[in-house]
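Student: I'd like to ask you about the structure that follows.
The values are calculated or read from the model by the stated rules, or taken from the named source; none is laboratory data. Just so we're clear, the structure is a prediction, and the values are computed from it rather than from any experiment. Cβ placement follows ideal geometry from the backbone for every residue including glycine, while neighbour counts extend to all protein chains displayed. Surface accessibility is based on the protein's heavy atoms, side chains included, excluding ligands, DNA and RNA. Shrake-Rupley method; radii C 1.70, N 1.55, O 1.52, S 1.80 Å.
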Amino acid sequence: MSAGGYGGGPVEPDEPDGLNSSDGSDGPNGPNGSAGPDGSGDPGERGGEPRGAGEPGGDGGPGSPGGDGGSEDLGGRDGFGDFGEFEEEFGGFGPGPDGPPPQVTADIGAITEANEEFYAAAEAGDLDRLGAIWLAGPFEASVQCVHPGWAPVFGREDVLRSWAVVCANTPFLQFFLTDVRIDVVDRIAVVSLTENIITDMSAGSSEEDPGFIAGGRATTINIFRRTDEGWRLWMHHASAVMESVEE
């Protein structure tokens, strides 16, 4: 497989919009509205409002939102909250003596089946099966797909259309999956793997130009969401692995 990826040509990305950014300019009475040398805050006005010691923008009391006088005691937590609470909320699972809990084991089995069905449907060029595995419903606008060498495709409808292009331009497509790793956190599953791809690049060929069989690899991330109907593919990102060329 060439670096351009399998099936069809790359989609040209739209021109990016300009980035909005602040100019970072300081207030009329000093950088960041800092207080005067005596720490009283009288000279340290920003926008015409005086700020006293210990208030935001001043140099006063310890632990104040803009102060320099010390740091607040967070009681063992950092500024982003306690990770233990995050882990409990999102269902982080530690390894047990006999492996993952039964629910996680069941999820991994179902995710493995969904992942394999995705590639089997792509190999068969079956758009109905592909449509069944890709996420539908409230989150379908957030569906994303990146084919090797293509610009990102967003939204369920456009993603399925991109696979129709791949299938139409690739008479033969076969995946051998290696380095498969599955991580499950609550309703989200991340599958990382290597796609070892064999393709028939004879689309549009003739007797004079019969085409050729190509092979290549892509490092891939597939993200699934758990729905009432089972695990559905939410995001697929495949990046071609450049093969070294011997001189």
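Student: Tally the residues that are small (Gly, Ala, Ser) and touching a residue at least 40 places away in the same chain (Cβ under 8 Å), restricting the search to region 124-140. First the steps, then the outcome.
Tutor: Step one: list which residues in region 124-140 are small (Gly, Ala, Ser), which gives 124-125, 131-132, 136-137.
Okay, now just the ones that are also touching a residue at least 40 places away in the same chain (Cβ under 8 Å), so 125, 136-137.
Of the residues in region 124-140, 3 are small (Gly, Ala, Ser) and touching a residue at least 40 places away in the same chain (Cβ under 8 Å).
Student: How many residues are small (Gly, Ala, Ser) and within 17 Å of Gly230 (Cα to Cα) if we restrict to region 122-168? Please lay out each step first, then the result.
Tutor: Within region 122-168, the subset small (Gly, Ala, Ser) is 122, 124-125, 131-132, 136-137, 141-142, 149, 151, 155, 162, 164, 168.
Keeping just the survivors that are within 17 Å of Gly230 (Cα to Cα) gives 131-132, 136-137.
Count: 4.
Student: Given the conditions (1) surrounded by 11 or more Cβ atoms within 10 Å (Cβ to Cβ); (2) at pLDDT 95 or above, which single one is not true for Asp128?
Tutor: In the conditions (1) surrounded by 11 or more Cβ atoms within 10 Å (Cβ to Cβ); (2) at pLDDT 95 or above, Asp128 misses (1) alone.
Student: Moving on to the next point. I'm checking my understanding of the structure. Among residues of region 228-245 that are open to solvent by 30 Å² or more (accessible area, probe 1.4 Å), part of a strand (DSSP E or B) and out of contact with any Ser or Thr (no Cβ under 6 Å at 6 or more places or on another chain), which one is modelled with the lowest pLDDT? Let's see the steps before the verdict.
Tutor: Going residue by residue through region 228-245, those that are open to solvent by 30 Å² or more (accessible area, probe 1.4 Å) are 228-229, 232, 234-235, 237, 239-245.
The next check asks that each one be part of a strand (DSSP E or B); those that pass are 232, 234-235, 237, 239-240.
Next cut, out of contact with any Ser or Thr (no Cβ under 6 Å at 6 or more places or on another chain) only: 232, 234-235, 237, 240.
Numbers: Arg232: 98, Trp234: 98, Met235: 98, His237: 98, Ala240: 92.
In this case the residue turns out to be Ala240.
Student: Just checking, does region 194-210 include any residue being modelled with pLDDT of 95 or more and either part of a loop (DSSP other than H, G, I, E, B) or among the aromatic types (Phe, Trp, Tyr) (or both)? Working first, answer last.
Tutor: Pass one, region 194-210, residues modelled with pLDDT of 95 or more: 194-196.
So of that shortlist, the ones also either part of a loop (DSSP other than H, G, I, E, B) or among the aromatic types (Phe, Trp, Tyr) (or both) come out as none.
Scanning region 194-210, I find no residue that is modelled with pLDDT of 95 or more and either part of a loop (DSSP other than H, G, I, E, B) or among the aromatic types (Phe, Trp, Tyr) (or both), so the answer is no.
Student: While we're on this one: Quick one: what pairs do we get from region 158-175, first residue farther than 15 Å from Cys145 by Cβ, second aromatic (Phe, Trp, Tyr) and not in a helix (DSSP H, G or I), C-beta under 8 Å, 6+ apart or different chains?
Tutor: Listed pairs, sorted by first residue: Thr170/Tyr6; Leu173/Tyr6.
Student: What residue, of Phe172, Phe176, is at pLDDT 95 or above, in contact with a strand residue (DSSP E or B) (Cβ under 6 Å, 6 or more places away or on another chain) and not β-branched (Val, Ile, Thr)?
Tutor: Working: Phe172 fails: at pLDDT 95 or above.
That would be Phe176, the only listed residue that is at pLDDT 95 or above, in contact with a strand residue (DSSP E or B) (Cβ under 6 Å, 6 or more places away or on another chain) and not β-branched (Val, Ile, Thr).
Student: Looking at this structure, is Glu123 out of contact with any helix residue (DSSP H, G or I) (no Cβ under 8 Å at 6 or more places or on another chain), at pLDDT below 90 and either under 23 Å from Val180 (Cα atoms) or in a helix (DSSP H, G or I) (or both)?
Tutor: Working: out of contact with any helix residue (DSSP H, G or I) (no Cβ under 8 Å at 6 or more places or on another chain): yes; at pLDDT below 90: no; either under 23 Å from Val180 (Cα atoms) or in a helix (DSSP H, G or I) (or both): yes.
It is false that Glu123 is out of contact with any helix residue (DSSP H, G or I) (no Cβ under 8 Å at 6 or more places or on another chain), at pLDDT below 90 and either under 23 Å from Val180 (Cα atoms) or in a helix (DSSP H, G or I) (or both).
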